[in-house]
Every structure is written in C-alpha cells, then in structure tokens.
Amino acid sequence: MQFHYQQFTLTTSAPIEFIDITDRIRDSFAAHPVRQGQLTLHCPHTTAYVALNEREAMLQQDMLDYLSGLVPRGQGYRHDRNPLDGRENAHAHLIGLFMNASETIPIQDGQLLLGQWQAVFFVELDGPRERRHLNLQIAGV
C-alpha cells in the first residue's frame, strides 16, 4: 500500500467563501496515482470545512446566502462575549455544525470517483484569513 500526504495552504478573501479546489486535488492525485484506494481531505480548522457540491455560479451565491442567513452574525452569542482569538465568530462555529471537516473520495481503476457535477470546495466561514490549511492523504495500491 502506498501513502502520500500533502498540505495545501489557502488564503481566503471573504467572510463566507467557497473556493473550488478540484483542480488542485486532481493535480495532486495525478502526481501520486494509485489504482485502488481513497483520497481523504481533512480541514484542521473549526471555522473552515471541505465540501463536495456542484460548481455553478448561481448555486454558489445561493449557498453563500443560505449560510449567511442560517446563523446570522451579531445575535448575542455567548462565545462572542469573550472570544479566544479576538474574533467574534460564534456564527461560524454554529454553521460548522452542519458541515464536514473531512471528505473521502474513492479511487477505482486509477480514477477519482467524483460524480459528474461534483466539485471539491474549501469552505471559509470566518474570513478573510491569510492562512488556512487543508490536509490531503492518498492511500491505495
């Protein structure tokens, strides 16, 4: 079995943002291909996540609007009264309850098994941030 690990660094530019990282993931897989296995993405942050969804501009805007309205900023959340890092970001942590810190993509016959419309997104919920990380691990034969 082979293992490959890579860490991506991203810069985000908006309070809530979907960054399409599909090409970066495909490029990493192409550099370290396996025939059978899995590719796992893990986001080590508590206010940023990874998601598989459709890449379409109007849908991206719908998703941003939905997340912004789901848990609005500045609603008197207890965490915002004394935030650990000085950021009033309780809303981002609460939205994160509905998101995934990791995603696994199967690999079959040397191909990533993403659906026809699936793209891989890094989802920022507490931006902008100068430095965010995403861990990638490929495991297989």
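For this structure, a couple of remarks:
- Test: residue in region 102-119 that is more than 18 Å from Phe29 (Cβ to Cβ) and either exposed (fewer than 11 other Cβ atoms within 10 Å of the Cβ) or of a type in the set (A, V, I, L, M) (or both): no
- Positions within region 74-90 being surrounded by 14 or more Cβ atoms within 10 Å (Cβ to Cβ) and either touching a residue at least 24 places away in the same chain (Cβ under 8 Å) or outside any helix (DSSP H, G or I) (or both), in sequence order: Tyr77, Glu88, Asn89
- Any hit, region 50-63, residues being crowded, with 16+ Cβ neighbours inside 10 Å and in contact with a Pro (Cβ under 8 Å, 6 or more places away or on another chain): no
- Conditions (1) surrounded by 14 or more Cβ atoms within 10 Å (Cβ to Cβ); (2) of a type in the set (Ser, Thr, Tyr); (3) in contact (Cβ under 8 Å) with a residue 60 or more places away in the chain; number of the one not met by Ser68: (3)
- Ala119 in contact with a helix residue (DSSP H, G or I) (Cβ under 6 Å, 6 or more places away or on another chain), under 20 Å from Ile19 (Cβ atoms) and either in a loop (DSSP other than H, G, I, E, B) or not hydroxyl-bearing (Ser, Thr, Tyr) (or both): yes
- Residues of region 31-49 that turn out to be under 17 Å from Ile107 (Cβ atoms) and not in a loop (DSSP other than H, G, I, E, B), as a count: 7
- Set Arg81, Arg26: member being charged (D, E, K, R) and over 18 Å from Phe121 (Cβ atoms): Arg81
Since every read-out is calculated from the coordinates, none of them should be taken as a lab result. The structure presented is a predicted model; accordingly, all values stated were derived computationally and were not measured. Neighbour counts are summed over all protein chains in view; Cβ atoms, including those assigned to glycine, are modelled from backbone coordinates with ideal geometry.
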